[in-house]
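One structure is given here, and the rest of the page talks about it.
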Amino acid sequence: MSNFRPIDRDTDFLMPRSVDEWLPERHLARFVVEVVGGFDLRAMTGRYRGSGQASYHPQILLGIIIYGYATG
């Protein structure tokens, strides 16, 4: 069993109900999520031996880094 926090992009919010309602259909963030979702990250996740609380999954962190670089 992995010690990563679960990825949940369907979490509801008060207004609007989900992140899907915030972003236009062809937004860069959607593209980054799709591309990073296709990466093979087994080399990163297989060696991770975390301790304490669950960590953020490398897929989330890598997406944030790529989006950050892309938007400056």
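The values are calculated or read from the model by the stated rules, or taken from the named source; none is laboratory data. From a predicted model like this one, the values you see are computed outputs, not experimental measurements. Cβ coordinates were reconstructed from backbone atoms using ideal geometry, including for glycine residues, and neighbour counts include every protein chain displayed. Note: areas computed on protein heavy atoms with side chains; ligands, DNA, RNA excluded. Shrake-Rupley method; radii C 1.70, N 1.55, O 1.52, S 1.80 Å.
Taking the condition more than 15 Å from the chain's Cα centre (by Cα) and at pLDDT below 90, does GLY50 pass? The answer is yes for GLY50. Residues that are at pLDDT 80 or above and of a type in the set (Lys, Arg) were ranked within the range 10-46; the one that is farthest from ALA70 (Cα to Cα) is ARG42.
Among the residues making up the range 21-66, those that are over 15 Å from ILE7 (Cβ atoms), open to solvent by 80 Å² or more (accessible area, probe 1.4 Å) and part of a helix (DSSP H, G or I) are GLU21, PHE31, ARG42, ARG47, ILE65.
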